[in-house]
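Trainee: Dropping the structure in here first, questions after.
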Amino acid sequence: MNSSPVDVKKIRAEGFRITSLRQIMIRLFSMSKKPLSLVDLKCHLRRMKHRCDRTTIYRALAFLKEQGIVKELVLSDGVRYYESARLGHHHHLICQKCAKIQDIDIDESFLKRVRIFSQKKGFSILDHHLEFFGLCADCRNL
């Protein structure tokens, strides 16, 4: 369970230190298949017996965002989540009962129609967030 060697080399090449927290967080984000909240990160760190406070975690997140390793997203629930920047742009299915978040791929033809529609309206899209809310299979079957 190693950190992403590319990310670690990049940070070191730019003259920054790789603290144990930064290394653990790079590893967590490289392995995670879903966005992680601060609460998620604290739980993972606690399980790994790595003690640090919220401020230290936020500082590490800010650093990893500046380095382009992690990206921040605020979903409609108002919670800040973080995920690997390597995942590229994607969208989410969010369970309203258990808060499970799953990635979903949107057909490029759908996004093309949105761009065409916005251009007809004279609107220039700079960014977007697309989330779908409902019940996951586990919660639906309860």
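Trainee: Go through segment 70-91 residue by residue and tally those that are modelled with pLDDT of 90 or more and either among the aliphatic types (A, V, I, L, M) or open to solvent by less than 50 Å² (accessible area, probe 1.4 Å) (or both).
Mentor: 5
Trainee: Continuing with the same structure: Note down all Cβ pairs under 9 Å where the first residue falls in segment 126-142 and is closer than 16 Å to TYR81 by Cβ and hydrophobic (A, V, I, L, M, F, W, C), the second is at pLDDT 85 or above and open to solvent by 100 Å² or more (accessible area, probe 1.4 Å), and they're at least six residues apart or on different chains.
Mentor: PHE133/GLN96
Trainee: Okay, next question. Any residue that is buried (at least 19 other Cβ atoms within 10 Å of the Cβ), more than 18 Å from the chain's Cα centre (by Cα) and farther than 28 Å from SER76 by Cβ - is there at least one of those in segment 7-25?
Mentor: Yes, some residue in segment 7-25 is buried (at least 19 other Cβ atoms within 10 Å of the Cβ), more than 18 Å from the chain's Cα centre (by Cα) and farther than 28 Å from SER76 by Cβ.
Trainee: Let me ask something else about it. Is segment 89-103 home to any residue that is of a type in the set (Val, Ile, Thr), touching a Phe, Trp or Tyr at 6+ places or on another chain (Cβ under 8 Å) and farther than 25 Å from ARG17 by Cβ?
Mentor: yes
Trainee: Suppose we filter segment 110-123 for residues that are open to solvent by less than 100 Å² (accessible area, probe 1.4 Å) and modelled with pLDDT of 90 or more; how many remain?
Mentor: Residues in segment 110-123 being open to solvent by less than 100 Å² (accessible area, probe 1.4 Å) and modelled with pLDDT of 90 or more: 4 in total.
The values are calculated or read from the model by the stated rules, or taken from the named source; none is laboratory data. Source: prediction; values computed, not measured. We place every Cβ from the backbone using ideal geometry, glycine too, and count neighbours over all the protein chains shown. With ligands, DNA and RNA removed, areas are computed over all heavy atoms of the protein, side chains included. Shrake-Rupley method; radii C 1.70, N 1.55, O 1.52, S 1.80 Å.
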